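Inspection log for the structure reproduced underneath, given as structure tokens.
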Amino acid sequence: MPSSRQWLLNGHPRARQIAADDFRLTTVEVPGPADGQMLLRTRYLGFDPAQKGWMENIADYVAPMAIGDIMRGSAISEVVESRLPGFAPGDMVAGSTGWTEWHLSDGNGLTRCDTALAPTAMLSILGTTGVTAWCGLFKIGRPVPGDTVVVSGAAGATGSIVGQLAKIAGCRTLGIAGGADKCRWLVEESGYDAAIDYKAGHVRDQLRELCPGGIDVIFDNVGGTILNDMLAEIATGARVVICGGISRYETGTLPAGPQNYFNLVFRRGTMSGFIVLDWAAEFPAIRKRIERLVSEGRLAWREDVQHGFENAPATLGRLFSGKNRGKQLLEL
Ligand SMILES: NC(=O)c1ccc[n+]([C@@H]2O[C@H](COP(=O)([O-])OP(=O)(O)OC[C@H]3O[C@@H](n4cnc5c(N)ncnc54)[C@H](OP(=O)(O)O)[C@@H]3O)[C@@H](O)[C@H]2O)c1
């Protein structure tokens, strides 16, 4: 019977940054598995900016979180003991199993790490991150060769994959990210044709200069003034994909509507949000297509691995300060 540390929700960080006391560390005893169960040891946690919205209970596409709940989040776990047919010790599985070192499962909601890549790929390139990039770009952005695709949050886990997929689709790609270092990485290693450092200002001027024919596809992870600047430069028939809006996740108010939204009328554009889970039935097929691109050497990704279960809250904080370089993970 292992002892398991767990991080519990202890506060709803509405209209403010996440604070240390929004989490509480506790220890429980986890019993051995009953018939039809398996005992799992968490190996990696995956982090997503959406977790803050889940803590706040503002996201109505998931069940609300109550104070005292195990902090919700994705993870890779190893089967240690199994009384569930089809699973054996050593098997690796992925699922939204939360911030706990050990847990029992009947297998519901878990996906086998059935890949030639490292199991962590199931949290990054083959996980929600990879399929979000794929679904948002191809199902909503619908790029065609020759299009100019602009991505905000471009150096992040999702944004860096979107840029590469758009290149594979024959597009010209421009990424917006914070800082010269990230922008250099976007162009020199991640395959973007050009990058804009939003922290240096003048985003709209640079977009106008770098996209003389206008922007055909916007993939927006950030919202706020960056979305407004991108909307100012759309081409006729543009598709605007709203994936996320991290610029407002720590503020108390929703941003005013983008002043430039009326360009959607003048230039016959469309703007659409999405929740990737709506395409869950297609994830296995999309994973196969992504894995093929990886095996052909056409798609790369990076993972930012922090260490130590006690560091889970601080690791989540890295997403909001832009410290993460690629998919934010924590190894236990
Ligand atoms: N719709 C869906 O189904 C779905 C699914 C998954 C994820 N998402 C969304 O996709 C977006 C990207 O998620 P991810 O997991 O790939 O995270 P990520 O991009 O790897 O990490 C977050 C990045 O956001 C940037 N950022 C933080 N605060 C910012 C601010 N105030 N203004 C501008 N940029 C800021 C930082 O990069 P810089 O250093 O460049 O600022 C940071 O590295 C998030 O908005 C997430 O909620 C949506």
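The values are calculated or read from the model by the stated rules, or taken from the named source; none is laboratory data. Fair warning: this is a prediction, and the values are worked out from it, not measured in the lab. Note that we place each Cβ from the backbone using ideal geometry, even for glycine, and neighbour counts take in every protein chain shown. Accessible surface areas use protein heavy atoms only, side chains included; no ligands, DNA or RNA. Shrake-Rupley method; radii C 1.70, N 1.55, O 1.52, S 1.80 Å.
Structural remarks
- If only residues of region 296-332 that are within 13 Å of F47 (Cβ to Cβ), without any contact (Cβ under 8 Å) to a residue 40 or more places away in the chain and not in a loop (DSSP other than H, G, I, E, B) are counted, the one that is farthest from the ligand (Cβ to nearest atom) is N311.
- Test for I275: is it within 14 Å of the ligand (Cβ to nearest atom), touching a residue at least 24 places away in the same chain (Cβ under 8 Å) and either touching a strand residue (DSSP E or B) at 6+ places or on another chain (Cβ under 8 Å) or farther than 25 Å from L165 by Cα (or both): no
- Residues that are farther than 27 Å from K323 by Cβ and of a type in the set (G, A, S) were ranked within region 38-66; the one that is farthest from the ligand (Cβ to nearest atom) is A66.
- In region 301-317, of all residues being among the small types (G, A, S) and over 24 Å from V131 (Cβ atoms), the one that is most open to solvent (accessible area, probe 1.4 Å) corresponds to A314.
- Some residue of region 89-110 being out of contact with any Pro (no Cβ under 8 Å at 6 or more places or on another chain) and more than 24 Å from S3 (Cα to Cα): no
- Counting the residues of region 13-45 that are buried (at least 18 other Cβ atoms within 10 Å of the Cβ), assigned to a strand (DSSP E or B) and polar (S, T, N, Q) gives 1.
- Unmet requirement for G213, which otherwise passes all of (1) more than 10 Å from the ligand (Cβ to nearest atom); (2) surrounded by 19 or more Cβ atoms within 10 Å (Cβ to Cβ): (2)
- D60 falls short on exactly one of the conditions (1) under 24 Å from the mean Cα position of the chain (by Cα); (2) under 29 Å from R112 (Cβ atoms); (3) part of a loop (DSSP other than H, G, I, E, B), and that condition is (2).
- A search for C-beta distances below 8 Å between a residue of region 178-196 that is closer than 18 Å to N221 by Cα and modelled with pLDDT of 95 or more and any residue that is of a type in the set (K, R) and buried (at least 21 other Cβ atoms within 10 Å of the Cβ), counting only pairs 6+ apart in sequence or on different chains, returns A195/K182.
- Condition check for G191: touching a Lys or Arg at 6+ places or on another chain (Cβ under 7 Å) and within 15 Å of the ligand (Cβ to nearest atom): no
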